[in-house]
Amino acid sequence: MPSADCQPLLTHLNDTLLGKQEAVTLVLAVLLAGGHLLLEDVPGVGKTLLARTLAEAVSGDWKRVQFSPDLLPSDVTGVNMFHPGTGDFRFIRGPLFTHVLLADEINRASPRTQACLLEAMEEGRVTLDGHTHPLPRPFLVIATQNPIEHQGTFPLPEAQLDRFAATIQLGYPDADEEARLLAREASRPFHGEAGRALAEPSDLLRWQGEVREVHVEASLQRYVVEFVGRTRNHPAIRLGVSPRGSLVWQRVAQALAWLTGRDFVTPDDLKRAAIPCLAHRVLLAGASTTPERQRTLAELLRTTAVPV
């Protein structure tokens, strides 16, 4: 059954990022599912704040890397440095060795630098000069990219996109929430407030284990298989959802059920997770923008029979 001590963490994240309850819940669900997150949004809507607050709330480390065309893979992973005094090489860890990594504007880095994240995101480790270095656990990448400005960017290849459990948009707050934000910031101390520690990394690992025990009926698994099969045979889609996408979709639905207080997945959990988990995994036959992919998947959800 879900752990009640996770609720303060969810409440704190919602209080920090006002008016974004669904996005915050999905972010926490991705973390509990052991996945990584891609935020497609314009600057200034709270992406860095979300990553920092999450890391501080679980007593974890967090690092921010500004991706740019001149960024090298070693700037992210670290480098072996020669020490003349001892005559050997020592591994100097890069910012990748953290609990939460904010990869800001990831599509501005070269494909070579983007690729340095592949092993880390999939296997939780870095291999350099034949030596393997494990990353801290839990490990979450929150990557961002601006969907408006594309000049000087390198679109993420499908193999890289498939490593992200979900893609979400925070969006602008409504007028009331933005007014609350202004009032809160006007009364905030000049030096800011210390981050609140509401859990430990070991708590997150335990919660991730509990999420894996959430029951998924065989009929719902057949529904997942049918839906992803339709994406692979749809005339408007030239690249459908991979088996990895099916697994991640199920795992995030388990996390949403766990956060809701259930030890079983419902069709609504799968529907809630479908578009965030799958939209970035499909390519349309024509122009393949995020809104168009979301509309295509929403239509498929509407026309795919749900088990009763």
- Report the residue count in segment 260-308 for those that are β-branched (Val, Ile, Thr), within 21 Å of the chain's Cα centre (by Cα) and either open to solvent by 50 Å² or more (accessible area, probe 1.4 Å) or within 19 Å of Pro243 (Cβ to Cβ) (or both). 5
- Message: For segment 28-61, give me each residue that is part of a loop (DSSP other than H, G, I, E, B) and over 11 Å from the mean Cα position of the chain (by Cα).
- Response: Asp41, Val42, Pro43, Gly44, Val45, Gly46, Val58, Ser59, Gly60, Asp61
- Task: Could you tell me whether any residue of segment 75-91 is touching a residue at least 24 places away in the same chain (Cβ under 8 Å) and out of contact with any strand residue (DSSP E or B) (no Cβ under 7 Å at 6 or more places or on another chain)?
- Result: yes
- Task: Report whether or not Pro235 is over 29 Å from Thr11 (Cα atoms) and either within 19 Å of the chain's Cα centre (by Cα) or open to solvent by 50 Å² or more (accessible area, probe 1.4 Å) (or both).
- Result: yes
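Do we find a residue being under 16 Å from Thr304 (Cα atoms) and assigned to a helix (DSSP H, G or I) anywhere in segment 198-220?
At the first step, the residues of segment 198-220 found to be under 16 Å from Thr304 (Cα atoms) are 219-220.
Next, from what is left, pick out any that are assigned to a helix (DSSP H, G or I): 219-220.
Scanning segment 198-220, I find at least one residue that is under 16 Å from Thr304 (Cα atoms) and assigned to a helix (DSSP H, G or I), so the answer is yes.
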- Residue by residue through segment 109-133, note down the ones that are over 14 Å from Val76 (Cα atoms), touching a residue at least 40 places away in the same chain (Cβ under 8 Å) and either more than 17 Å from the chain's Cα centre (by Cα) or buried (at least 17 other Cβ atoms within 10 Å of the Cβ) (or both). Asp129, His131
- Here, helices (runs of 4 or more DSSP H) confined to segment 241-306 with at least 2 residues that are modelled with pLDDT of 90 or more, of a type in the set (Val, Ile, Thr) and over 21 Å from Gly34 (Cα atoms) are 290-303
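Can you tell me which of Val76, Val30, Val58 is aliphatic (A, V, I, L, M), farther than 27 Å from Arg244 by Cα and crowded, with 20+ Cβ neighbours inside 10 Å?
The match here is Val58.
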- Mind counting the residues in segment 134-165 that are more than 20 Å from the chain's Cα centre (by Cα) and buried (at least 16 other Cβ atoms within 10 Å of the Cβ)? 1
- Of all residues making up segment 18-47, the number that are within 23 Å of Glu122 (Cα to Cα), at pLDDT below 90 and not hydrophobic (A, V, I, L, M, F, W, C): 2
- Query: Does Leu49 meet the test of being open to solvent by 30 Å² or more (accessible area, probe 1.4 Å), within 30 Å of Arg180 (Cβ to Cβ) and out of contact with any Cys (no Cβ under 6 Å at 6 or more places or on another chain)?
  - Reply: yes
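The values are calculated or read from the model by the stated rules, or taken from the named source; none is laboratory data. All values derive from a computational prediction rather than experimental measurement. Backbone-built Cβ (ideal geometry, glycine too); neighbour counts: all protein chains shown. With ligands, DNA and RNA removed, areas are computed over all heavy atoms of the protein, side chains included. Shrake-Rupley method; radii C 1.70, N 1.55, O 1.52, S 1.80 Å.
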